[in-house]
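**Student:** Let me begin by handing over the structure; questions about it come next.
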Amino acid sequence: MRNTSNELYEEVIIAGFGGQGIMVAGKLLAQTAMNAGKEVTYMPSYGAEVRLGTANCMVVIANEKIASPVVIKPDSLIVMNKASLTKFAHCVKPGGLLVLNSSLIEDRPQLDESIDILAVPASDIALELGNQKAANMVSLGAYLQRRGLLSADDAAESLPDILAERYHNTLPLNTEALRRGAEFAKNTQQKRKS
């Protein structure tokens, strides 16, 4: 992530299997950045089988025009399952951020020491909230808190823009999941500093 006073260029890959809400998380990140006045690209990629097949999306957030939506070496990677970790972890830039769903991924990858690895029990937190499908929002909330570009509250405000009206009954759950993810990331950051 390049983020000087006026230069912001954050490349993100969000990956998991079909059914984990990968595209929804990517759309929400893109919409939240757009609502904050940033330049944004969003590019989804599905495996051959949509449910339980691989799914990932690429989001680029910048202050200036974006030349390409393709992300090869992300500044940040959010992975929801082990297969996605295996596929993408080696791509994260030195000094980058890896958010992984530790509910489904036990092993920690051997990466450059400068990479910040944030292990979030996203599926477990979502289950505590009553719906495991909210794990994507927990992970996104944790990412937003750790990166500090946008907030979980910003994302919660953008939820109605990306969810079809028939899913607006899930707004409270998704909002709480975003906040719980942010809270988890904040608490782990404070523990690291103490």
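**Student:** Please work out which residue is surrounded by the fewest Cβ atoms within 10 Å (Cβ to Cβ), limiting yourself to the range 123-169 and to residues that are free of Cβ contacts under 8 Å to residues at least 12 places away in the same chain and among the small types (Gly, Ala, Ser).
**Tutor:** So, considering only residues that are free of Cβ contacts under 8 Å to residues at least 12 places away in the same chain and among the small types (Gly, Ala, Ser), the one surrounded by the fewest Cβ atoms within 10 Å (Cβ to Cβ) is ALA164.
**Student:** Hey, among LYS65, LYS27, LYS73, LYS93, which residue is in contact with a Phe, Trp or Tyr (Cβ under 8 Å, 6 or more places away or on another chain) and of a type in the set (D, E, K, R)?
**Tutor:** Among LYS65, LYS27, LYS73, LYS93, only LYS27 is in contact with a Phe, Trp or Tyr (Cβ under 8 Å, 6 or more places away or on another chain) and of a type in the set (D, E, K, R).
**Student:** Now, a different point. Of everything in the range 66-103, what is over 18 Å from THR41 (Cβ atoms), touching a strand residue (DSSP E or B) at 6+ places or on another chain (Cβ under 9 Å) and part of a loop (DSSP other than H, G, I, E, B)? Give them in sequence order.
**Tutor:** Listed by number, the residues that qualify are MET80, ASN81, VAL92, GLY95, GLY96, SER102, SER103.
**Student:** Name, by its number, the condition in (1) in contact with a Leu (Cβ under 8 Å, 6 or more places away or on another chain); (2) among the acidic types (Asp, Glu); (3) without any contact (Cβ under 8 Å) to a residue 12 or more places away in the chain that does not hold for GLU113.
**Tutor:** The one condition GLU113 does not meet is (1).
**Student:** Quick one: what pairs do we get from the range 61-87, first residue in contact (Cβ under 8 Å) with a residue 60 or more places away in the chain, second part of a helix (DSSP H, G or I) and aromatic (Phe, Trp, Tyr), C-beta under 8 Å, 6+ apart or different chains?
**Tutor:** Here the result reads PRO74/PHE88; SER76/TYR143; LEU77/PHE88; ILE78/TYR143; VAL79/PHE88, each pair linking the range 61-87 to a residue that is part of a helix (DSSP H, G or I) and aromatic (Phe, Trp, Tyr).
**Student:** Please find, among LYS87, LYS93, the residue that is closer than 23 Å to VAL71 by Cα, of a type in the set (Lys, Arg) and modelled with pLDDT under 95.
**Tutor:** Answer to the selection: LYS87.
The values are calculated or read from the model by the stated rules, or taken from the named source; none is laboratory data. These figures come from a predicted structure and were not determined experimentally. Using ideal geometry, Cβ is built from the backbone for each residue, glycine included, and neighbour counts are taken over all protein chains shown.
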